[in-house]
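Take a look at the structure set out below.
The values are calculated or read from the model by the stated rules, or taken from the named source; none is laboratory data. For clarity, every value in this text was computed on a predicted model and none was experimentally measured. Here the Cβ is made from the backbone with ideal geometry for all residues, glycine too, and neighbour counts use every protein chain on show. Areas reflect the complete protein model, heavy atoms only, side chains present, ligands, DNA and RNA absent. Shrake-Rupley method; radii C 1.70, N 1.55, O 1.52, S 1.80 Å.
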Amino acid sequence: MKIRGSKFLKKENEDNMRGYFIVIALLNVIDALATAGGIKLKAIGEANPIMNFLWQVNPLLFIGVKLLFSFLLLIIVVFLKIQPKNILKWRLFLGSTILIYMWLMILHTRWIVSLVNE
């Protein structure tokens with residue numbers, strides 16, 4: 001039995017999933033730049049041990065890996081068809097990732113404001 005409008009729903013779900021990936025890619029770029037600036041200014045440290053290691057090796061490596069991750073997310077959006085079998089689990093996972101990045105944006109805003117107010 002085919003549900004009326006199911007093609008529309010599939011397209012809408014695919015577009016929504018693409019939106020999640022785009023938002024995560026953009027938040028990741030903002031996080032990379034804010035983190036790099038904060039570390040350079042000695043206002044913050046990198047909490048992620050892997051990313052901290054990359055920073056210690058070379059700050060450009062740190063930024064490059066972050067930008068590569070965002071680029072790969074955008075490649076997924078452009079070239080791959082996104083229709084996961086369990087869309088609810090994917091929305092939960094991607095939505096949680098966005099919430100974590102939003103929390104990081106709040107942390108970045110706090111240290112930036114504290115630097116400006118010094």
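So here's what we get for this one:
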read-out	value
Per-residue [θ]222 nm for the chain (sum of -39500 (n - 2.57) over DSSP H runs n ≥ 4, rounded to 500)	-28500 deg cm²/dmol
Degrees, to the nearest 10: 87-116 long Cα axis against longest axis of the chain	20 degrees
Between helix 59-79 and the chain: long-axis angle, C-alpha atoms, 0 to 90°, nearest 10	10 degrees
Scattering profile of the chain at q = 0.11, 0.13 Å⁻¹ [log10 I(q)/I(0), Debye over alpha-carbon scatterers]	-0.47, -0.62
Computed E for residue 81/residue 48 - FRET, C-beta separation, R0 25 angstrom, nearest 0.05	0.20
Accessible carbon and sulfur surface of the chain relative to its total accessible area, %, 1.4 Å	71 percent
Per residue accessible area in Å² of segment 14-72, where ligands, DNA and RNA are left out and the probe is 1.4 Å	57 Å²
Rounded accessible area of residue 20 (nearest 10 Å², 1.4 Å probe)	60 Å²
Exposed-loop-free span, longest in the chain, where trypsin sites (Lys or Arg not before Pro) count as exposed if DSSP calls them loop and at most 13 other C-beta atoms lie within 10 Å	43-80
